[in-house]
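S.K.: What follows is a structure written as structure tokens; I'll ask about it next.
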Amino acid sequence: MSDTHGAAVPQVTGLKHPYHLPDPSPWPIIGAVGAFFVVFGIIVAAHFQNYWVLILGAVVVLGTMFFWWRDVIHEARTPGVHSPVVRLGLRYGMTLFISSEVMFFVGFFWAYFNFLIFPETQGNGQTVWPPATVHTFDPFHLPLLNTMILLLSGCTVTFAHHAPLEGNKKVLVNCLGLTVLLGMAFTLCQAIEYSHAPFAFTGGVYPSVFFLATGFHGFHVIVGTCFLIVCWFRARADQFTPERHFGFEAAAWYWHFVDVVWLFLFVCIYWYGAGAIAAE
């Protein structure tokens, strides 16, 4: 068959292709709305001490995570859907997602080093960074403990990552469970640290940058922990094989990203940026 210019016109042949076209899903737009309410809720809470918008956004985001992951797991278990070319596309997508998260934290580090190099831009007559009125955390107290916890969790998730390649379910489940516990321990230690903070979020430029950078990292730890909990249940249900375990592989990549960001936070903010240490 050809058109009026003699060029061949492709016909619908019904041939199968290696790609997967997902069913229409409401979760991307619902998740975006939830994320907007979280960010807007943080602003409202900071200025007016009203947390209802933040709570609403958090509930929407958590609900989106649950139902979207449910659909993704169902898709992953459907025979023939995740072909090799689809799995390659998923790896590219996860790589780009982590790259976007890196740039997210670059913004916080950029702000921090701007004030570190040019402390006079803080205003209020301050010419040193951290400001002379701010007492910082001892980097070799809870921050160092949290660093050891995350580094250890990076080791356990690496052991777990190699387990499905060898078909070792016991190591996979045990190391994944240990990684989840270490992630929870990190979050608990950070909560204790925040409860003893010698400065408040609204106490100036330094507290704002500190809490935003470390707080968003803590949020990523919580998300990564949830990610690994889902993988732990899937591992117990024998849903990972040596050939098909991208869901866990993506979780491991994300967790290593969280580890690396914390190392930069510890070195740049807690250690290098330490000022007068607050009394314990």
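S.K.: Which ³J(HN,Hα) values in Hz, rounded to whole numbers, follow from the phi angles of the stretch 144-161 under the Karplus curve 6.51 cos²θ - 1.76 cosθ + 1.60, where θ = phi - 60° and Gly and Pro get x?
M.R.: 5, 4, 4, 5, 5, 4, 5, 5, 5, 5, x, 5, 5, 6, 5, 4, 5, 5
S.K.: Dividing the convex hull volume of the alpha carbon atoms of the stretch 63-105 by its residue count, what do you get in Å³ per residue?
M.R.: Numbers: hull volume 2.7 nm³, N = 43.
Taking only Cα atoms, the stretch 63-105 has a hull volume of 63 Å³ per residue.
S.K.: Measure off, as a whole percent, the carbon and sulfur share of the 1.4 Å-probe accessible area of the chain, all protein chains present. It would help to have the intermediate numbers written out before the result.
M.R.: Details: 11630 of 16210 Å².
With neighbouring chains kept in place, the figure for the chain is 72 percent.
S.K.: For the ranges 257-265, 61-69, what's the packing order if you count other beta-carbon atoms within 10 Å of each residue, average per peptide, and put the highest first?
M.R.: The densest-packed peptide leads the list: 257-265, 61-69.
S.K.: So, one more: For the chain, take the longest principal axis of its alpha carbons; what is the angle in degrees between that and the long axis of helix 205-236, to the nearest 10 within 0 to 90?
M.R.: 40 degrees
S.K.: Hey, how many Å between the Cα centroid of the stretch 79-145 and the Cα centroid of the stretch 173-232?
M.R.: So the two Cα centres are separated by 13 Å.
S.K.: Starting from the Kirkwood Rh over alpha-carbon pairs, what translational D in µm² s⁻¹ does the stretch 186-227 have by Stokes-Einstein at 25 °C and 0.890 mPa s? Present the calculation step by step, with values, prior to reporting the outcome.
M.R.: Numbers: Rh = 10.9 Å.
Rounded to a whole number, D works out at 226 µm²/s.
S.K.: From the residues P198, T133, V221, which one has its Cα farthest along the dipole of the chain in the positive direction, the dipole being from +1 and -1 charges on Cβ of Lys/Arg and Asp/Glu about the Cα centre?
M.R.: V221
S.K.: Something else: If I build a Gaussian network model for the chain, linking alpha-carbon pairs within less than 10 angstrom, which residue out of P24, P198, P242 has the largest mean-square fluctuation?
M.R.: Checking each option, the largest mean-square fluctuation is seen for P24.
S.K.: If you count only protein heavy atoms with a 1.4 Å probe, what accessible area per residue comes out for the stretch 101-147, rounded to a whole Å²?
M.R.: Heavy-atom accessible area per residue stands at 56 Å².
S.K.: Counting only protein chains, not ligands or nucleic acids, how are F201, F246 ordered by accessible area (probe 1.4 Å), most first?
M.R.: Details: F201 75, F246 35 Å².
So the residues, ranked largest to smallest area, are F201, F246.
S.K.: Checking the a/c ratio against 1.5 first, then a/b against b/c, what shape does the Cα gyration tensor give for the stretch 28-119?
M.R.: Working: a/c = 5.06, a/b = 1.45, b/c = 3.49.
Oblate, because a/c is 1.5 or more while a/b does not exceed b/c.
S.K.: Whose amide H sits under 5 Å from the amide H of T136, counting only residues 5 or more places off or on another chain, with H placed in the peptide plane?
M.R.: G275, A276, I277, A278
S.K.: Given the options L54, H162, V261, identify the residue whose Cα lies farthest towards the positive end of the charge dipole of the chain (+1 on Cβ of Lys, Arg; -1 on Cβ of Asp, Glu).
M.R.: Value computed over the given set: H162.
S.K.: Could you size up the charge dipole of the chain around its Cα centre, putting +1 on the beta carbon of Lys and Arg and -1 on that of Asp and Glu, and report it in debye to the nearest 20?
M.R.: Working: 10 positive and 14 negative charges, 131 e Å.
In total the dipole reaches around 640 debye.
S.K.: Calculate, for the stretch 162-249, the solvent-accessible area per residue in square angstrom, rolling a 1.4 angstrom probe over the heavy atoms of the protein chains. Walk me through the numbers before you get to the answer.
M.R.: On the way: 4010 Å² over 88 residues.
With all protein chains present, the stretch 162-249 gives 46 Å² per residue.
S.K.: May I ask you to derive the relative contact order of the chain, considering only C-alpha pairs under 8 Å and at least 6 residues apart, and to give it as an integer percent?
M.R.: Values: 261 pairs, mean separation 57.4, N = 280.
Reported as a whole number, the value is 20 percent.
S.K.: I'd like the Karplus ³J(HN,Hα) series for the stretch 87-100: coefficients 6.51, -1.76, 1.60, θ = phi - 60°, whole numbers in Hz, and an x wherever there's a Gly or Pro.
M.R.: 4, 5, x, 5, 5, 4, x, 5, 4, 5, 4, 5, 4, 5
S.K.: OK, next. Taking Rh as the Kirkwood radius, which is the inverse of the mean 1/r over Cα pairs, what is the Rg/Rh value for the chain?
M.R.: Numbers: Rg = 23.1 Å, Rh = 21.6 Å.
Rg/Rh: 1.07.
S.K.: If you don't mind, another one. Treat the stretch 118-185 as a sphere of radius equal to its Kirkwood radius over Cα pairs and apply Stokes-Einstein at 37 °C in a medium of 0.692 mPa s; give the translational diffusion coefficient in µm²/s, rounded to a whole number. Don't skip to the answer; put the middle values down first.
M.R.: Values: Rh = 15.0 Å.
The calculation lands on 219 µm²/s.
S.K.: Using the Karplus curve 6.51 cos²θ - 1.76 cosθ + 1.60 with θ = phi - 60°, what ³J(HN,Hα) values do you get for each residue of the stretch 73-83, in whole Hz, with x for Gly and Pro?
M.R.: Karplus-based 3J(HN,Hα) across the stretch 73-83 equals 5, 4, 5, 5, 8, 6, x, x, 7, 8, 6 Hz.
The values are calculated or read from the model by the stated rules, or taken from the named source; none is laboratory data. All values reported here derive from a predicted model rather than from experimental measurement. When we count neighbours, we look across all protein chains shown, and the Cβ atoms used for this are built from the backbone with ideal geometry, even at glycine. Ligands, DNA and RNA are excluded from the accessible area calculation, which covers all protein heavy atoms including side chains. Shrake-Rupley method; radii C 1.70, N 1.55, O 1.52, S 1.80 Å.
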